[in-house]
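This report concerns only the one structure given below.
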Ligand code: UD1
């Protein structure tokens, strides 16, 4: 019988990071794979469409955790995943990114003495006001296999005293998904459906609590975005958290007056990739989109004070703008005035990170005596 490797997903940014890893492990053939979906994200547009677009199998276990406070959400995931772990006794668990489901699963594994591997390990914003920073640090402290997407991740982990035998610089699995699916994304009718021309529009996403939970910050961001919206149309797929806050703060009329801004529902993976890959400019507070635009050589303005993904700035197309409208305006003008800059694609963002991860797992399980030594 083969050992079982259990993959955990919970929220939207997990799906594209785990799908290629699961596939690579399955292809390598040394282990059985299973998928747990915690249900942190549950809307069709935030979850189901990603399974279809990424060709992911249906989850073997759906935990139906849903929304709640951080404590509630984390605790519910811990309670429910523990049951799966006790029943299935996996040889290894794989978590990804920095959402509450990631940390909850890592805590359970540590208590049950089940080895856990963290995909996208070592990233640090050094901003403890971000719930994701707490999740990243706790997850990395508890996992036995730390899979970093960029060398800065290795540096962060080593500085925190992590034994170097745990750290594996493998590259970026989100870029594995991007490179695999880009041709299909480009073949969709997304641009035509929205009446857009390639490089003739910008894309905006906002969902960070620090941006959308504070009406003053949200309004400041709109001040900055207004200039861009006068220069070219902006497509704004609205995250459910952001939609709720727009309504709470009564920002509807303000947005309606911004004629170039097109609010749309959250998009699927392929539709969104079609949109970002052909955009003139992307404005975002997402972590993953900073990486995707770097891989796509599309200029990106990050509407945050810090980033846990510094290679997107030092090597890629990303510029950190914060939330000051004057800075957003200045950087948008600059980006629109210059030819699209190429930026370098960071080391090992080559579409093969998941293959390298499967090999790390094989060696780990061999060393542990779970698999016969090669
Ligand atoms: C979570 C992650 C964040 C990630 C983001 C991507 C944490 C701490 N945060 O934030 O790192 O960047 O996902 O989207 O894990 N909601 C729905 N339908 C859904 C999911 C959520 O309507 O399918 C609404 C609910 O009102 C919920 C709110 O969105 O309360 C926030 O959802 P939650 O999972 O708490 O965090 P996100 O803001 O999505």
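Rule-based calculations on the coordinates, nothing more; no lab input. None of the values given here were measured: they were computed from a predicted structure. Here the Cβ is made from the backbone with ideal geometry for all residues, glycine too, and neighbour counts use every protein chain on show.
The set of residues in segment 98-127 being in contact with a strand residue (DSSP E or B) (Cβ under 8 Å, 6 or more places away or on another chain) and either surrounded by fewer than 21 Cβ atoms within 10 Å (Cβ to Cβ) or in a strand (DSSP E or B) (or both) consists of 110, 114, 115, 116, 117, 118, 119. With respect to the conditions (1) over 18 Å from residue 332 (Cα atoms); (2) within 16 Å of the ligand (Cβ to nearest atom); (3) in contact with a strand residue (DSSP E or B) (Cβ under 8 Å, 6 or more places away or on another chain), residue 255 lacks only one, and its number is (2). The set of residues in segment 1-23 being in contact with a strand residue (DSSP E or B) (Cβ under 7 Å, 6 or more places away or on another chain) and part of a helix (DSSP H, G or I) consists of 14, 15, 17, 18, 21, 22.
Number of residues in segment 198-229 that are buried (at least 18 other Cβ atoms within 10 Å of the Cβ), outside any helix (DSSP H, G or I) and within 11 Å of the ligand (Cβ to nearest atom) equals 4.
Take residue 7 and tell me if it is more than 11 Å from the ligand (Cβ to nearest atom) and crowded, with 24+ Cβ neighbours inside 10 Å. Walk me through how you get there before you give the answer.
Working: more than 11 Å from the ligand (Cβ to nearest atom): yes; crowded, with 24+ Cβ neighbours inside 10 Å: yes.
For residue 7, the condition - more than 11 Å from the ligand (Cβ to nearest atom) and crowded, with 24+ Cβ neighbours inside 10 Å - is met.
Quick check on segment 51-63. Is at least one of its residues touching a helix residue (DSSP H, G or I) at 6+ places or on another chain (Cβ under 7 Å) and surrounded by 24 or more Cβ atoms within 10 Å (Cβ to Cβ)? For segment 51-63, residues touching a helix residue (DSSP H, G or I) at 6+ places or on another chain (Cβ under 7 Å) and surrounded by 24 or more Cβ atoms within 10 Å (Cβ to Cβ): absent. Here 95, 77, 138 are screened, and the one residue that is within 15 Å of the ligand (Cβ to nearest atom) and more than 24 Å from residue 165 (Cα to Cα) is 77. Evaluation of residue 26 against the conditions (1) away from the ligand (no atom under 16 Å from the Cβ); (2) in a helix (DSSP H, G or I); (3) touching a residue at least 12 places away in the same chain (Cβ under 8 Å) shows that the sole unmet condition is (3). On the basis of being surrounded by fewer than 15 Cβ atoms within 10 Å (Cβ to Cβ), touching a helix residue (DSSP H, G or I) at 6+ places or on another chain (Cβ under 7 Å) and more than 21 Å from residue 41 (Cα to Cα), does residue 184 make the cut? Criteria met by residue 184.
Annotation note: of 34, 19, the sole residue that is in contact with a helix residue (DSSP H, G or I) (Cβ under 6 Å, 6 or more places away or on another chain) and either more than 26 Å from residue 287 (Cα to Cα) or more than 14 Å from the ligand (Cβ to nearest atom) (or both) is 19.
Of all the criteria given as (1) over 17 Å from residue 174 (Cβ atoms); (2) within 15 Å of the ligand (Cβ to nearest atom); (3) assigned to a loop (DSSP other than H, G, I, E, B), the one not satisfied by residue 90 is (2).
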